[in-house]
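Asks: I am attaching a structure below and will ask some questions about it afterwards.
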Amino acid sequence: MSDSPGADNGASSEQPVPSLDLDYARLDLDRARRTGDPEVVYGEGKSPDHVVSLLRSLHESHPDRAVLATRLSPEALTRLARELPDVVTDETAHAATLGPLPEPRGLVLVISAGTSDATVAHEAGLTARVFGTEARLINDVGVAGLHRVMAVRDELVTADCLVVVAGMEGALPSVVGGLTGVPLVAVPTSVGYGASFNGLAALLAMLNSCAPGVTVVNIDNGFGAGVFAARVARNAAPHETTGETRPEGPP
């Protein structure tokens with residue numbers, strides 16, 4: 001293995017190495033410094049060997065915190081468990097982590113409309129934990145039984161950010177957005193019959209939500225929603241003020 005051509009560029013030995021060239025991939029080793037979170041392995045389309053190598057290399061560069069691989073095939077999950085003894089696999093989320101989770105700051109609640117949305121909901125929850133916040137799941141509270149949503153309303157308002165996962169007609173984020181003032185990211189899933197168009201109907205419904213403050217990610221993108229929610233929750237704690245007061249009169 002060798003560093004990428006841009007790794008030197010006159011940099012001193014104390015400076016972070018920007019990337020690691022593995023021939024088939026270039027790992028962004030500087031992302032944690034720039035954004036607060038390390039790079040993530042997107043496993044879809046990658047061989048199990050590559051997934052193992054990438055996750056191992058990320059862990060070696062960030063030994064003090066968890067690194068994440070998503071969209072993993074059953075073969076990749078099996079290979080990871082065999083070759084990396086400390087890996088933690090999540091078969092529901094199709095994901096794996098290696099290393100200790102960071103100390104959580106803030107709370108994310110992931111709300112799913114139905115059990116068919118479990119893979120995306122679990123991916124969102126696991127991602128939020130890896131990105132440094134507490135995450136809890138509330139399952140199967142879709143709009144076909146509004147009493148189920150109302151029953152958890154008091155819990156929803158305790159969160160710093162909500163992730164609402166739904167397929168079919170994608171109505172749940174609008175309902176939740178009308179019940180709370182908590183920052184909310186909606187995730188359409190490819191769950192539903194033919195006219196749902198593999199999640200397109202839910203995506204359009206969420207984009208057209210009449211509830212204010214609903215942010216939407218792409219179809220089945222539990223990872224993107226988890227990242228967004230974790231960053232909101234991590235920054236939700238009150239900031240210290242300078243004690244200065246604004247001068248009187250117009251700004």
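The values are calculated or read from the model by the stated rules, or taken from the named source; none is laboratory data. Everything numeric here is computed off the predicted structure, so don't read it as measured data. Every residue, glycine among them, receives a Cβ derived from its backbone with ideal geometry; neighbour counts consider all protein chains shown.
Asks: Could you check the range 68-90 and list, in sequence order, the residues that are of a type in the set (Lys, Arg) and either on the phi > 0 side of the Ramachandran plot or within 18 Å of the chain's Cα centre (by Cα) (or both)?
Replies: ARG71
Asks: Which condition from (1) over 27 Å from VAL182 (Cα atoms); (2) in contact (Cβ under 8 Å) with a residue 60 or more places away in the chain; (3) surrounded by fewer than 24 Cβ atoms within 10 Å (Cβ to Cβ) is the one that PRO85 breaks?
Replies: So PRO85 meets the others, but not (2).
Asks: Select from the range 176-196 the residues that are in contact (Cβ under 8 Å) with a residue 60 or more places away in the chain and either more than 17 Å from ILE138 (Cα to Cα) or small (Gly, Ala, Ser) (or both) and list them in ascending order.
Replies: Once the filter is applied, which keeps residues that are in contact (Cβ under 8 Å) with a residue 60 or more places away in the chain and either more than 17 Å from ILE138 (Cα to Cα) or small (Gly, Ala, Ser) (or both), the range 176-196 yields only VAL191.
Asks: Condition test on SER53, is it of a type in the set (Ser, Thr, Tyr), outside the structural domain of GLY142 (by TED's automatic domain parsing) and assigned to a helix (DSSP H, G or I)?
Replies: Spelling it out, SER53 is indeed of a type in the set (Ser, Thr, Tyr), outside the structural domain of GLY142 (by TED's automatic domain parsing) and assigned to a helix (DSSP H, G or I).
Asks: So, in the range 91-127, how many residues would count as being small (Gly, Ala, Ser) and surrounded by fewer than 24 Cβ atoms within 10 Å (Cβ to Cβ)?
Replies: 5
Asks: Does THR127 satisfy the criteria of being out of contact with any Gly (no Cβ under 9 Å at 6 or more places or on another chain), modelled with pLDDT of 95 or more and closer than 28 Å to ALA202 by Cβ? I'd like the intermediate steps shown before the answer.
Replies: Numbers: out of contact with any Gly (no Cβ under 9 Å at 6 or more places or on another chain): no; modelled with pLDDT of 95 or more: yes; closer than 28 Å to ALA202 by Cβ: yes.
For THR127, the condition - out of contact with any Gly (no Cβ under 9 Å at 6 or more places or on another chain), modelled with pLDDT of 95 or more and closer than 28 Å to ALA202 by Cβ - is not met.
Asks: May I ask you to list the residues in the range 89-122 that are out of contact with any helix residue (DSSP H, G or I) (no Cβ under 8 Å at 6 or more places or on another chain), under 23 Å from GLU39 (Cβ atoms) and either among the hydroxyl-bearing types (Ser, Thr, Tyr) or modelled with pLDDT of 95 or more (or both)?
Replies: None - no residue of the range 89-122 is out of contact with any helix residue (DSSP H, G or I) (no Cβ under 8 Å at 6 or more places or on another chain), under 23 Å from GLU39 (Cβ atoms) and either among the hydroxyl-bearing types (Ser, Thr, Tyr) or modelled with pLDDT of 95 or more (or both), so the list stays empty.
Asks: Next up: Given the criterion modelled with pLDDT of 90 or more and surrounded by fewer than 17 Cβ atoms within 10 Å (Cβ to Cβ), identify the matching residue among LEU156, LEU207, LEU203.
Replies: LEU207
Asks: While we're on this one: Which of the residues belonging to the range 72-82 are over 14 Å from LEU54 (Cα atoms), in contact (Cβ under 8 Å) with a residue 24 or more places away in the chain and of a type in the set (D, E, K, R)?
Replies: Once the filter is applied, which keeps residues that are over 14 Å from LEU54 (Cα atoms), in contact (Cβ under 8 Å) with a residue 24 or more places away in the chain and of a type in the set (D, E, K, R), the range 72-82 yields only GLU75.
Asks: Residues of the range 47-67 being closer than 18 Å to ARG82 by Cβ and over 20 Å from the mean Cα position of the chain (by Cα), which ones?
Replies: SER47, PRO48, ASP49, HIS50, VAL52, SER53, ARG56, SER57
Asks: Taking the options ARG71, ARG65, name whichever one is of a type in the set (D, E, K, R) and modelled with pLDDT of 95 or more.
Replies: ARG71
Asks: Mind checking which residues of the range 184-195 are surrounded by fewer than 20 Cβ atoms within 10 Å (Cβ to Cβ) and either modelled with pLDDT under 95 or more than 20 Å from ALA118 (Cβ to Cβ) (or both)?
Replies: TYR193, GLY194, ALA195
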